[in-house]
1. Just the residues that are in contact with a strand residue (DSSP E or B) (Cβ under 6 Å, 6 or more places away or on another chain) and touching a residue at least 24 places away in the same chain (Cβ under 8 Å), please, taken from the range 287-316.
2. If a residue counts only when it is of a type in the set (S, T, N, Q), which helices (runs of 4 or more DSSP H) contained entirely in the range 1-120 have at least 1 such residues?
3. From Glu244, Glu291, grab the single residue that is part of a helix (DSSP H, G or I), farther than 26 Å from Val103 by Cβ, of a type in the set (D, E, K, R) and more than 15 Å from the chain's Cα centre (by Cα).
4. For the range 61-85, give me each residue that is open to solvent by 10 Å² or more (accessible area, probe 1.4 Å) and either modelled with pLDDT of 95 or more or over 24 Å from the mean Cα position of the chain (by Cα) (or both).
5. For residues in the range 123-175 being basic (Lys, Arg) and open to solvent by 60 Å² or more (accessible area, probe 1.4 Å), which is modelled with the highest pLDDT?
6. Any chance the range 287-300 includes a residue that's at pLDDT 95 or above and hydrophobic (A, V, I, L, M, F, W, C)?
7. State which residue pairs qualify: first residue over 15 Å from Val145 (Cβ atoms) and inside the range 341-362, second residue open to solvent by less than 10 Å² (accessible area, probe 1.4 Å) and assigned to a helix (DSSP H, G or I) in any location, beta carbons under 8 Å apart, and separation of 6 or more residues or different chains.
8. Of all residues being part of a helix (DSSP H, G or I) and among the acidic types (Asp, Glu) in the range 322-356, which is least open to solvent (accessible area, probe 1.4 Å)? Just the residue, please.
Amino acid sequence: MTRKPRPKALRVVHLPARTPYAWKLRSRDFRILNGTEIAGGDMVPAAVDATWLLDHRPFTWLDVLHLHHVDFEDLATLERLLDACLREGVNVVFTAHDTRPMVGSAEDFTARLRMLHSADVGWVCLTTGSATKLTGILGARPDAVVVPHGYVAAPETLAGLEREPSASPRYLMYGASRASRDQLSTMANWSLGVIDPDSTLHVLLRAFSPADFIEGGRAPLLLETAGRDPRIRLAMRPYPTDEEVVRAGLASDALILPYLWGSHSGQLELAFDLNLLPVCSLTGHVHEQYERHRGLVEEPEWFDWSQGHPNLFGEKFLSALEEAADRLGSGVRRLDHEFLEYRAYEHQEILEQYGRVYGGDR
């Protein structure tokens with residue numbers, strides 16, 4: 001394959017691009033084309049899909065296709081897009097955010113991983129543990145570099161901000177209503193287990209879809225549970241922005257992370273950014289994320305849902321919540337500006353690593 005000459009700043013399209021992770025990858029060495037106009041006057045959709053890209057060949061306007069969550073694309077269409085990119089000299093990079101599907105079946109997800117593994121695609125894993133897990137799924141280690149998740153809240157956006165003190169602990173839980181998170185029983189256990197009348201739980205949700213209300217969907221019960229306790233403040237946004245999440249985090253003291261499964265956690269990284277106490281299930285490779293920052297951040301209050309019968313999950317969560325309440329009573333949780341200085345340094349390293357991967361240096 002002949003690589004076309006590269007401009008000074010590599011032109012990158014993220015697929016899909018709505019993940020906040022993609023939008024923090026900005027550098028003088030590469031620029032994001034999503035939401036911008038290309039030659040010919042067409043606007044690259046912010047939420048571009050594979051079909052749109054195939055309809056806008058040849059790829060003289062594109063240098064790097066950065067794939068993220070491949071669950072959402074039709075397999076045959078995705079394969080045609082990969083073939084077109086590789087024929088036309090577009091470097092394809094895949095960040096393996098997950099080792100299990102967020103949507104669709106495990107078989108479909110594995111088929112996508114195997115297709116990417118067989119193609120000339122550069123892989124990025126967020127933890128060493130996920131690279132090892134994917135090796136077991138694929139039967140061979142992917143050509144992957146490990147680049148950590150890094151910050152969610154850019155340190156410069158936190159300058160001059162601080163958490164207001166509170167006499168009672170304030171808890172935050174946010175995100176989409178996914179099968180990988182147990183928001184419902186977590187909310188019920190918090191409501192019945194936290195007896196402090198001045199404690200609050202802010203639940204910030206991504207917009208529900210019709211699938212959340214079909215038979216077996218938990219949205220109706222979640223709404224009913226929240227409505228029974230005035231200390232629970234339920235809010236919904238189309239897709240919570242980093243700014244909205246930061247505001248919610250600065251008005252809280254602890255972040256509840258009730259994962260049933262998952263490979264890593266951007267929410268855990270946000271807790272580190274904002275010096276929130278994470279009350280976190282011990283799953284996937286989130287402990288590796290903590291170990292990477294050991295000595296710089298406070299250790300989460302873990303509850304281990306990886307072992308034992310699911311009927312014991314509530315008991316484990318409430319025990320962790322009691323320990324967290326004791327830890328939160330020790331004083332005001334100010335932002336750690338020394339850690340935020342480290343975050344800025346870490347981010348530059350992440351950008352440099354992606355620059356090398358984008359340039360084809362694997």
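1. Correct list: Pro300, Glu301, Phe303, Trp305.
2. Numbers: elements: 20-23, 50-54, 75-87, 106-118.
Answer list for the range 1-120: 50-54, 75-87, 106-118.
3. After applying the criteria, what remains is Glu291.
4. Within the range 61-85, Trp61, Ala76, Thr77, Glu79, Arg80, Asp83 qualify.
5. Lys133
6. Yes, that holds for at least one residue.
7. So the pair list comes out as Arg343/Asp273.
8. Ranking the candidates gives Glu346 first.
The values are calculated or read from the model by the stated rules, or taken from the named source; none is laboratory data. This one's a predicted model, so the numbers in the text were calculated from it and none came from an experiment. Glycine gets a Cβ as well: all are built from the backbone with ideal geometry, and neighbour counts include every protein chain shown. The area values use the complete protein model at the heavy-atom level, side chains included, leaving out ligands, DNA and RNA. Shrake-Rupley method; radii C 1.70, N 1.55, O 1.52, S 1.80 Å.
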